[in-house]
Structure formats: C-alpha cells, structure tokens
1. Give the range A:282-308 a look and list any residue that's surrounded by fewer than 24 Cβ atoms within 10 Å (Cβ to Cβ), within 28 Å of residue A:219 (Cα to Cα) and within 11 Å of another protein chain (Cβ to nearest Cβ), or say none.
2. With the range B:15-98 as the region, which strands (runs of 3 or more DSSP E) entirely inside it contain at least 3 residues that are in contact (Cβ under 8 Å) with a residue 12 or more places away in the chain and within 12 Å of another protein chain (Cβ to nearest Cβ)?
3. Taking the condition of being surrounded by fewer than 24 Cβ atoms within 10 Å (Cβ to Cβ) and out of contact with any Phe, Trp or Tyr (no Cβ under 6 Å at 6 or more places or on another chain), how many residues in the range A:71-95 meet it?
4. Name the pairs: first residue in the range A:214-240 and touching a residue at least 60 places away in the same chain (Cβ under 8 Å), second residue surrounded by fewer than 24 Cβ atoms within 10 Å (Cβ to Cβ) and among the charged types (D, E, K, R), Cβ to Cβ under 6 Å, at least 6 apart or on different chains?
5. Can you name every residue in the range A:158-170 that is closer than 15 Å to residue B:91 by Cβ and facing another protein chain (nearest Cβ under 10 Å)?
6. Picking from A:48, A:113, A:68, A:125, which residue would you name as being buried (at least 22 other Cβ atoms within 10 Å of the Cβ), away from chain B (no Cβ under 14 Å) and in contact (Cβ under 8 Å) with a residue 60 or more places away in the chain?
7. Kindly indicate the residue of the range B:1-28 that is surrounded by 17 or more Cβ atoms within 10 Å (Cβ to Cβ) and not β-branched (Val, Ile, Thr) and also modelled with the lowest pLDDT among those meeting that condition.
8. Residue by residue through the range A:230-274, note down the ones that are farther than 28 Å from residue A:81 by Cβ, surrounded by fewer than 24 Cβ atoms within 10 Å (Cβ to Cβ) and within 14 Å of chain B (Cβ to nearest Cβ).
Amino acid sequence: MRPNPRLYPLLATIAIFFTAYLLCWLQFPFMLSTRVVGNLLTDNAYLGIVAVGMTVVILSGGIDLSVGSVIAFSGVFIAVMLRDTGLHPIIVFALLLVVTTAFGAVMGAIIHGLAMPAFIVTLAGMFLARGAAYMLTIDSVPIDHAFFEALQDSHWRMPGGGRFTLIGALMLLAIAGGALVAHRTRFGASVFAIGGGPDTARLMGVEVGRTTIGIYAFSGLMAGLSGIVFAIYTGSGYPLATVGTELTAIAAVVIGGTLLTGGAGYVVGTLFGVLTMGLIQTYIVFDGTLSSWWTKIVIGVLLLCFILLQKSLLRIATPVRASSEG
Amino acid sequence: MKRILLTSAALLAGTAASAQTVGFSQIGSESGWRAAETTLTRQEAEARGIDLRFSDAQQRQENQIAAIRSFVAQGVDAILLAPVVATGWDSVLEEAAEADIPVVLLDRRVDSSEDLYLTAVGSDLVHEGEVAGQWLVDNKPEGECRVVELQGTTGSSPAIDRATGFRNAIDGAEGIEIVRSQTGDFTRSGGKEVMESFLQAESGNEICALYAHNDDMALGAIQAINEAGMNPGEDILIVSIDAVPDIFQAMANGDANATVELTPNMSGPAFDALEAYWADGTEPEKFIQTESRLYTQDDDPMAEYEARKDLGY
C-alpha cells in the first residue's frame, strides 16, 4: 500500500523528533531519563495546549495572533481574582474560560462578518488582551491558595524520579481532544473544507460563518486553558508573560506538519512539533556552553525545511499542469 | 581487561568527584551590567575549576523554570539563579530541594520560603546611597552645599532605595541640602536633559554637588555642565553609583569625583558559599551582601577602566 502523501510531513516530524532524541541520548545518556521526559511534558504543557487551538485555526487557513496575550491575561485574571475575591479557583477557571471563549468568538464573528483578514483582527485582539492584563495589574502577582498549591503539586512520580505532572497530563488530553474534534467531527470536517477554500466549502454546504466563529472560539478556549496551566506552572500572574508565544505556537504547528495555507495536517503532529522544540531547548541547557539563541536558529531552520517540504509535496501531489499556473 | 575497565571506572569517578558542575540560569543580557555579571561568572567558574552550564533565559520566566528543571535532571551539584521576577518559583525550587541540589540566588530575590534556597547574594541598594552620601559629607567644600539629584526611573526600587540611603547619610550633616530632584530615567540622555534644566533653573545660585542614581545619568550631566561652560568635577562635585567603565574614564579626566560600585561579581561570594557547603555542609547566612566599594579619583581610575572595559559592559 502506498502511504498517503499528506502523511509525509507528519511522518517526517515524528522521524525528526526520534532521530534528534537519539542523537541527544548518544551525547548525554541522562537524556533518556524519566526526569527529562517528565520535564518535556510539563515545561511545554501550556505551549502544547495553545498549539492545539492554533492547529485548528491554521487548518482552516486562518491565524490567531492573540493567544500569547490571552495566556498572560488569563494568568493575571486568575491571580487578581483569587487575591481580591473569595471565589474558589474552579469558579474562577470557569469564568475565565467563558471570557476567553467569548473573546475568540467575537474575533471570529468580526473576521467572518466584516470579511476582514484574520491577521488584522487577531492583531487587534492581541493588543486588547495585553492591555486588559495591564489594566488588572502592572506587577507580578503571586497566587496563594491551598487548592492551587495542590494542583501544582499533583504528579505521579515515575520510576527514576521524574514527575508526570497534572499539567503534562492535561496537555496530552488536550491533544487527544483536539484530534477528536479535528478529525472525527462534523465541525472538524468543515474546518478542513474551509482550509481547502471557503468558496468550495460554501458550495459543499458548509456553514462558513458559524464554523469560523467556532474555530476562533475554540482557539480562545484553548488559550484560556493554556493560561490556567501557565498560572499553575508559574504560580503567579504576570502581564509581561508569554510575549511572542503565539509565534512559537505557529512554529510548533508548522513543524508538526500542518500546511500553513490550511486544509492539511494532524493535531498529533503538533504534539511532536512542540516536543521537538522543547527537546532543542533541553539539549542546549544540557550542553551549557551554547548560546540559548541557538534554539531560535534551529527552529528557524526547521521551519524553513518544513515549508520547502510542503511546497515540494504539493508539486508531487498535484498534476503536472498545475506547475505552469503558479 | 577487567582491571583496565576497573581503573578507568575509578579514574572517571575520581574526575567526577573533583570537578563540580554548576548550572547558571541567567535572566538575559539586557544591560551591560548583566553581560559583565555573566562574563565574571564564567571567569570565576573557570578559575575554580568548576564546570559551568550556562542558560540565557531571554527575559522569560518559563525559560528559567525549564532550565532549572533540566539542571535537576542532569544532576548538577548546584544551581545559580538570577530570577527575572520575584514570584512563581516555589514548585521548581522544591524539585531542586528534593534532589538535594543547593540553589543560590544572584542579585535579585524571590518571594519563596527561605528554606528553598541556600542563600542569596546581592547588593544593599540603600547602603549604596549611604556610601555615596557619606562621601559627600566628608568631601564637601566649606560652608553651604546645595545638591541636585538625578533620580532613577520613578517608582523603581533602585531609585527609591538609593534616594533613601543618600538622605540617611546627609541627614545629620551640617549645611547639605537637596535643592532639586528629578528623574533622568537611568539614561544618559535623560541625565543630560534634566541637568540642563537644573542649570537653567539654578542660574545665579551655586550648585555645589550632583548626586546621580547611576553613572549613565552622571555622564549625561557632565556633558550638560561642560556645555554650560562650567567645569564638572571642580565647580560641581559629581558622585554616582554603579562603577561602569566610562565613569572611570571621566574620573581619570577629572570630570567625575566618586562612584559606588554595584559589583557584577555576584558569583564569587556564591561560589565561596557553595564550596564551604560542599566541603562540610556549612550553611551560609540567608543573605550575603556584596561590598559597595567607593572609588574616587585617587584610586587609579584608568587602571579600573582597563580592567572593566572587556567584561561586556
């Protein structure tokens, strides 16, 4: 059986991740410890979760630049609410998710209703959310709550001393949930259809408006969830946190094999994209002599490779005459 | 064959025991001072035969947390941390404590419990202001002394503390009075502009001394005083804080009078504390205050300039 060409980028991502891990392990045998594996999941949990939302957005051919600011806003919102009101964290989390989901939905409605580019609308959303975070506080606010500390501390101690934390588990759940939504639901099929071309999708009977709102609402929900995870991770809210995380998330999605123009990709690929980026960072810390800016350089090179790979796959997948058009 | 293996294993174990590995999570390289701190930490580690693993967090706390976790996973012998913010370190410090890895904080503090780190090395900002003030008390000319002050960024802790310390020192002294005080935002251009307005506002009145919260503002002010046709360092005494290389050049030229050092060598005392701890488990004090040394024109400023100019300032 000849594998589907659409699977190539995903397979390439997985192959790169395991090859890179093998190379790291050969140089630093410590890399294959449960501690490192646990750290990879924990340290990248917030990024993985937000990248799930970003995957769905990019699958539809859109982009969401607001998510980094939404994460910072979420952390500050949680910290300030817990400091100033007597509400239980669970209620604060629920309120927050409603706010961020609505925020995403409004952006989706504007993108569809006014036929504006997602780039501009979510750019405005980025400034709005960051500004809102600064309105709440300009300081870094610690979170002191017994329930919160319990969340921070919940982990399963793996053999070898590594910690499989709650937030690491949450990320894996988010990936699984995102994969179900994208690949097994009607909504997911509509997302892929819009990514292939909104006009065709409309002809196919997809409700473009409702789906667009749903896509950005989903991204907002994931950004809010990621904000909760980030607040648990750092135990504080800081309005300057996660500047530029939206771009890291986009990079993770593309390295994960999703086509930047939309219509093709897998949520599980994003997990490997995130882990590959985490692995590069871990390697550089283990080495301890390289400048940490190498992380950015390697990610840049990987991104370029994936874009080239996608381009060439498109050439292979489409009939020869298509090449004369573009 | 077996014997060779055994000896090589013993050799490996021997080298592993003597060369300690220390992970250093640095905030970033946002200022010359921080770059100098990084350079000095590398030099100190090399001089002591310590294997230093360096990680630049690019101003992001999540990068610092990830780096500390990686250091713990690697099983380093100690961790140096210059935290970017004060909050949110509890859980990662607990992990290090659980793995019996001592953590030493450099230059900034955290709001976590003191049990979670071995010690913190830092400078006392109020004390820096006091040293600067004391110098003026001891060196002011006869009679009345009218002082102008260039403050740091409004509301920042160095600006508040350095202002407090200076006032503490001149409080009891006869004849010293702060007549004007404004922020120059810690920058050279800010210092120059504000000094120009001071000179205009005080024209006719004699200004006896300038106190700047950092050297950069003092250097800007020196330019303004020169442009006003006066002689900095003689007509107006100049004292500031930080001890960056350029101020030594100004002191060598006679344009500045004194500076208080905010030493970038935080790692020296940190390594001292760690070595004592490794040797026999000595617990250091929870706060190690670095020396706030005063430099004047008599301290061979040119040599000090030469010593500092390659540290990355």
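The values are calculated or read from the model by the stated rules, or taken from the named source; none is laboratory data. Just so we're clear, the structure is a prediction, and the values are computed from it rather than from any experiment. In this analysis, Cβ positions are derived from the backbone assuming ideal geometry, glycine residues included, and neighbour counts consider all displayed protein chains.
1. If the condition is that a residue be surrounded by fewer than 24 Cβ atoms within 10 Å (Cβ to Cβ), within 28 Å of residue A:219 (Cα to Cα) and within 11 Å of another protein chain (Cβ to nearest Cβ), then A:295, A:296 are the ones that fit.
2. Here the list reads B:21-26, B:51-56.
3. Qualifying residue count for the region: 15.
4. A:235/B:90
5. A:162, A:163, A:165
6. The conditions single out A:125.
7. Out of the qualifying residues, it is B:28.
8. A:247
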